[in-house]
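The values are calculated or read from the model by the stated rules, or taken from the named source; none is laboratory data. Just so you know, these numbers come straight off a predicted model, no measurement behind them. Quick reminder, even Gly has a Cβ in these numbers, built from the backbone with ideal geometry, and neighbours come from all protein chains shown.
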Amino acid sequence: MKYSYDYPRPTVTVDAIITKIILTEILLIQRKNEPFKNFWALPGGFVEMNESLEEAVAREVLEETNLQIIEFQQFKTFGDVNRDPRGRTITVVFYSHINETLIPKAGDDAENCKWFEISDLPKLAFDHEKIINEYIMIIKNLMKVLINKNFSVCP
C-alpha cells in the first residue's frame, strides 16, 4: 500500500570522513555538478529507498572514489535547515580510518578526488567544513583524555 503525507519530508544523505590512520590527511572529492560545482566535499550522496545507511555510504564512496571500504562507523547526524540549497536535507556522517596508502580515482559525480592535509583544506561545499572541524575536535579531545588517563595510572 502506498502512503501519502500531508506534510513535506526531508531528504536523507550520507557523507564519509575517510582519514589516514595518523589523522593527517582526509579524502575529498571535487563536485562535478551543482550545487557547489567544482568545490571540494566529503564523499557522499543520497540514500536510496532499498538500502541501509551503511550500504549507502559504502556505495557512495565506491562510486565517487573507486575505493571499497568495508568498515565505517557512524559519527553524527547534521540537520541544519539550510545546509543544502536543494532543499531540506539531513546527513548521517560516517568515518573510516585506513592505514594503507590507497589511491582514489574519481567516478560518478566526482570530477576529481585526492588526499588533503587536514591543516590545509580547500574551500568546502555545504557544511562540510563544520563537519570536519567537529570531527577533528572530538578526536583531539579523545586523544587528550586517553593520554592523560595513561599518564595518571601508577604501576
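What number of residues within segment 68-77 are in contact with a helix residue (DSSP H, G or I) (Cβ under 9 Å, 6 or more places away or on another chain) and modelled with pLDDT under 95?
First, the residues of segment 68-77 that are in contact with a helix residue (DSSP H, G or I) (Cβ under 9 Å, 6 or more places away or on another chain): 68-70, 72, 74-76.
The next check asks that each one be modelled with pLDDT under 95; those that pass are 68-70.
The qualifying residues number 3.
If a residue must be of a type outside the set (Ser, Thr, Tyr) and in a loop (DSSP other than H, G, I, E, B), how many such residues does segment 17-74 contain?
Of the residues in segment 17-74, 25 are of a type outside the set (Ser, Thr, Tyr) and in a loop (DSSP other than H, G, I, E, B).
Pairing each residue of segment 41-56 that is over 21 Å from residue 84 (Cα atoms) with any residue that is at pLDDT 95 or above and part of a loop (DSSP other than H, G, I, E, B), provided the two are 6+ apart or on different chains, yields C-beta distances under 9 Å for 54/72; 55/47; 55/48.
Candidates in segment 9-31 are the residues that are of a type in the set (Ser, Thr, Tyr) and surrounded by 18 or more Cβ atoms within 10 Å (Cβ to Cβ); of these, the one that is farthest from residue 120 (Cα to Cα) is 13.
In segment 59-80, of all residues being among the aliphatic types (A, V, I, L, M) and under 22 Å from residue 49 (Cα atoms), the one that is surrounded by the most Cβ atoms within 10 Å (Cβ to Cβ) corresponds to 61. Just so you know, in segment 84-137 the residues that are without any contact (Cβ under 8 Å) to a residue 60 or more places away in the chain and in a helix (DSSP H, G or I) include one that is surrounded by the fewest Cβ atoms within 10 Å (Cβ to Cβ), and it is 137. Taken together, the residues in segment 60-82 that are in contact with an Asp or Glu (Cβ under 7 Å, 6 or more places away or on another chain) and under 18 Å from residue 109 (Cβ atoms) amount to 2.
Out of the residues in segment 38-58 that are farther than 17 Å from residue 113 by Cα and not hydrophobic (A, V, I, L, M, F, W, C), which is surrounded by the most Cβ atoms within 10 Å (Cβ to Cβ)?
As a first pass, look at segment 38-58 and keep what is farther than 17 Å from residue 113 by Cα: 46-56.
After this cut, where a residue has to be not hydrophobic (A, V, I, L, M, F, W, C) as well, the list is 48, 50-52, 54-55.
Values: 48: 11, 50: 6, 51: 13, 52: 11, 54: 15, 55: 13.
Top of the filtered list is 54.
Among the residues that make up segment 22-37, is at least one of them closer than 26 Å to residue 119 by Cα, without any contact (Cβ under 8 Å) to a residue 12 or more places away in the chain and charged (D, E, K, R)? Within segment 22-37, one or more residues are closer than 26 Å to residue 119 by Cα, without any contact (Cβ under 8 Å) to a residue 12 or more places away in the chain and charged (D, E, K, R).
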